[in-house]
Amino acid sequence: MGSSLPPKEANLFKTIVKSYETKQYKKGLKAADSILKKFPEHGETLSMKGLTLNCMDRKSEAYELVRRGLKNDLKSHVCWHVYGLLYRSDREYREAIKCYRNALRIDPDNIEILRDLSLLQAQMRDLSGFVETRQQLLSLKPNHRMNWIGFAVAHHLNSNSSKAIEVLEAYEGTLEDDYPPDNERYEHSEMLLYKISLFEECGMLDRALEEMQKKESKIVDKLSFKEQMASVLFKLGRFDDSESIYRSLLFMNPDNYKYFIAVQKCLGLYSDNGQYSADDVERLSSLYSSLKEKYAWSSAVKRIPLDFLEGEKFQEAADNYVRPLLTKGVPSLFSDLSPLYEHPGKANILEQLFLKIEDSIRTTGCFPGSLQKEPPSTLLWTLFLMSQHYDRRGQYEIALVKIDEAISHTPTVIDLYSVKGKVLQHAGNFTAAAALADEARSMDLADRYLNSECVMQMLQADQVGLAEKTAVLFTKDGDQHNNLHDMQCMWYELASGESYYRQGDLGRALKNFLAVEKHYADMTEDQFDFHSYCLRKMTLRAYVSMLKFQDRLHAHEYFHKAAAGAIRCYMKLHDSPAKSSTEENDEMSKLPPAQRKKLRQKQKKAEARAKREAEEKHEDETASSNSSKSGKKHSRPVDLDPHGEKLIQIEDPLAEATKYLKLLQNNSSDSLETHILSFELNMRKQKILLAFQAVKQLIKLDENNPDSHRCLIKFFHKINSLPAPLTDSEKLIWNVLEAERPDIRQLHGRSLIEVNRSFLEKHNASLTHRAASAEMMYLLEPDKKTESIKLIEDSTNNTSSGDDVLGPVKEWQIQDCIDVHKLLEKVFGDQDVANSWKARCAEYFPYSTYFEGTKSAIAAYVVDRNLESSPENGIASNPQLRSKEIEPGTLNGTLHIVDDLSSLSIR
């Protein structure tokens, strides 16, 4: 390194390297310039100067210098290594790997380059190459612990756990008997636990148990040791020993559900589907009774029996469980009980119990069968719980009566307004829900959760401008979008993107959806630093777990929503392309000269104003928020496309959508939405076989789903309408379809009309299935439009099964009814029928603003006038809201709407 230089310049070159490592970049530049004055074409110095400039955000100069240096000295491993580092800093990992390999051809035993290469191979999951590089590092430096551990982890990741165990045992063979010293006990303990987990993974349970018994004194993490010991004993069939350890773990933490489940498994009393025989229920009751005596303060030991008990025993256990929590006033009680509503019959039992408790507290001030007087707040929390119960069951009127009474009882409890807002949201009144959420927020301006809940409700009501101004109350000073983006506030970006999509602003919708995708890309990149850190700190189990998590990162719910949203935007762009500047100019040329001139002047003024505002905003940020305490300024890159206008000016939207579809197919293949999007996208692209593949996946996942039925009928209707194949490729596609068609059970010897009729007969009672059948009937037989519409109109809103105490629960869901209305309006194109359906649904959902129900109007809804007129802010769909004369309210002040919202409840 710098060997071709005279001694003085060689020392200066060492100074450059040291300055780079210690981040003294100006000092390094000065030394590089001193060398280049005498040797202007010295390749290694040019490369190091470029690397230094890269750290100073002068990338174009950096690349130019490094390439020039490499050109001057192609046989220098330093130049190739630096070029690789440059690519690595720009996340061009594949190019960086190529550079490192070129460097290693020149200097095969360079440890720094080998180490850097191994990190990139781990990042890119080049596992065979990772094993090879770690082996080379170990052979060069066998006295270094990290090389042994790295080699073992490489084998483990490459699905060779037995070889990883051999490497770790060979490493232990190099250690002295009294190892480890006190300052390395934790690292060695982690290595031993990792080795035991490898034994367990390989199925070598006896050796795992032997290792644990032998090395127990050297393992520091006693909790993990006990958990792993219990797991190994259970897998060996030693259930009594395993149960004993789990019971000792329960003594340490009697609220850990995993330990209770493990004890059940050891006793053979656990069922994955939650179904138990009467004998098993009796034994489980006995088990939890004994555990309750031992851990009386544990919440879990009282809650878990509610999952398996039935009938009177369930009612008694539930009664004992809820009473102390109602007395204490625990707002999260319903969230705790909500999984029980999935169990048949338990919701009715809970309803009877809650009514009995309410009646007793009203009449006697005590719980049923008790003489102890309850505090007044017990009635409040009982009403709060019952409101959530009726909301869950879809009985919104009763839920509102209960929550209104609770608010009258104690108007200062913030949770009451939040729950009332959620009831109204579920009932279809997003505007009122947002107003109540803002009322709750204004009662405690320091509560971030209330602020976030309010923002979410505003976004669902399409009040994006107001939501943004509310959200940034809890961000740092500066640009609002950048702060929310920097904090990776994905729930906000997703909700904002969905709102913009509903409003037809595809540019801003895409902007938000792609921001979420960028966060996941950043998470993938963030793992890079841990490849060396975890090996050094010996957090091996956590490291391997993190890598496995990263491998399934894109299966996360938020990414799925963002990718699906982006695909929908791109498909909509394909169906209705954005106007290009040429088309806009053509339209302008058709205007009269005077009007054209006036319009151009307006456009120029608007552009100048927007540019001036952006510059002023950027200057303010640079002057204030981006200055650190030391006075150093950190400039933030300016967003050149804040409204996503460039995102919608793309030539091939379907090609962009395909990128995200592939990610969904690879990571969310068990989701119906993935294959529905695949079908719609590939039909637009005329990719027949890929669309057919999506249809087959939909049928495999859920053949009874209305969307699966739609895709099946649409696909074969399209195929039947195609002309006879002419080209070889068309004939091949046709042959594949003919070969695959018999495998689809629904089509066996039947026409599409018969398939559709059969589907309707099978699901005659379901609104969504009837709507799907009607739509397909209209597609297959356009002359039967009236019959198709009648199928939907004849649908009946039946009462759900079960004995209901305070009235029937209807089956129809509000979103399904909205979808049917849109179907009648857009697909069938019959406005009269759509209006009739809307009026019918307004009776079922009187609070819905979409259907303009009788109770959907609110007397006053305070909105800032500027936001109301802004295109960024959604405007309520209810026309009564637009015409109201309203008094503007302050952003942080109380919105005076609570009394006026009383009209939304049943008095």
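Under a Cβ-Cβ cut-off of 11 Å, what is the net charge of the residues other than ILE113 that fall near it, where Lys and Arg count +1 and Asp and Glu count -1? Residues close to ILE113 contribute a combined charge of -1. Positive-end ranking of GLN746, SER766, MET683 along the dipole of region 675-813, with charges on Cβ about the Cα centre, is headed by MET683. Of the solvent-accessible surface of the chain, computed with a 1.4 Å probe over protein heavy atoms with every protein chain present, carbon and sulfur atoms account for 50 percent.
Each Lys and Arg Cβ is given +1 and each Asp and Glu Cβ -1; about its Cα centre, region 630-721 then shows a dipole of about 240 debye.
A dipole drawn for the chain from +1 and -1 charges on Cβ atoms has a positive end, and of VAL516, PHE314, SER47 the residue lying farthest that way is SER47. In the structure shown, the pairs LYS141/LYS195; LYS422/LYS659; LYS328/LYS356; LYS714/LYS762; LYS572/LYS700 are assessed against 25 Å; a Cα-Cα span above that value is assigned to LYS422/LYS659; LYS572/LYS700.
In the chain, the calculated helix contribution to ellipticity at 222 nm averages -21000 deg cm²/dmol per residue, counting -39,500 (n - 2.57) for every DSSP H run with n ≥ 4. Under 16 Å of direct C-alpha separation, and excluding same-chain neighbours fewer than eight residues apart, LYS784 reaches these aspartates and glutamates: GLU754, GLU775, GLU793, ASP794, ASP830. Along its principal axes, region 259-381 has C-alpha extents of 46, 31, 24 angstrom, given from the largest down. Only alpha carbons enter this Debye calculation for the chain, each as an equal point scatterer, and the log10 of I(q)/I(0) it gives at q = 0.09, 0.10 Å⁻¹ is -1.37, -1.52.
Beyond 20 Å, what share of the Cα-Cα pairs of region 100-206 is found? Please give it as a whole percent. Please report the intermediate quantities before stating the final value.
Working: 2473 of 5671 pairs.
Tail of P(r) above 20 Å: 44 percent of Cα pairs.
Any number yet on Rg/Rh for region 172-321, C-alpha, Kirkwood?
Numbers: Rg = 19.1 Å, Rh = 17.4 Å.
With Rg and the Kirkwood Rh in hand, the quotient comes to 1.10.
With +1 on each Lys and Arg Cβ and -1 on each Asp and Glu Cβ, and nothing else charged, work out how big the dipole of region 376-470 is about its Cα centre, in Debye to the nearest 20. Can you show the working numbers first?
On the way: 8 positive and 12 negative charges, 40 e Å.
I would put it at about 200 debye.
Over all alpha-carbon pairs in region 416-552, figure out the percentage whose distance exceeds 24 Å. Could you put the intermediate results ahead of the total?
Working: 4136 of 9316 pairs.
Beyond 24 Å sits 44 percent of the P(r) for region 416-552.
Would you work out which of CYS366, VAL413, THR431 lies farthest towards the positive end of the dipole of the chain, given +1 charges on the beta-carbon of Lys and Arg and -1 on that of Asp and Glu, about the Cα centre? Of CYS366, VAL413, THR431, it is THR431. The count of lysine pairs in region 205-262 whose Cα atoms are under 21 Å apart, excluding pairs fewer than 8 places apart on the same chain, comes to 11.
Placing +1 at every Lys and Arg Cβ and -1 at every Asp and Glu Cβ, with all other atoms neutral, what dipole size does region 716-813 have around its Cα centre, in debye to the nearest 20? The calculated dipole for region 716-813 is roughly 120 debye.
The values are calculated or read from the model by the stated rules, or taken from the named source; none is laboratory data. Not measured: the values here are computed from a predicted model. Reconstructed Cβ throughout: ideal geometry from the backbone, glycine too, with neighbour counts over all protein chains shown. The protein model used for the area step is the full one, side chains on, heavy atoms only, and it has no ligands, DNA or RNA in it. Shrake-Rupley method; radii C 1.70, N 1.55, O 1.52, S 1.80 Å.
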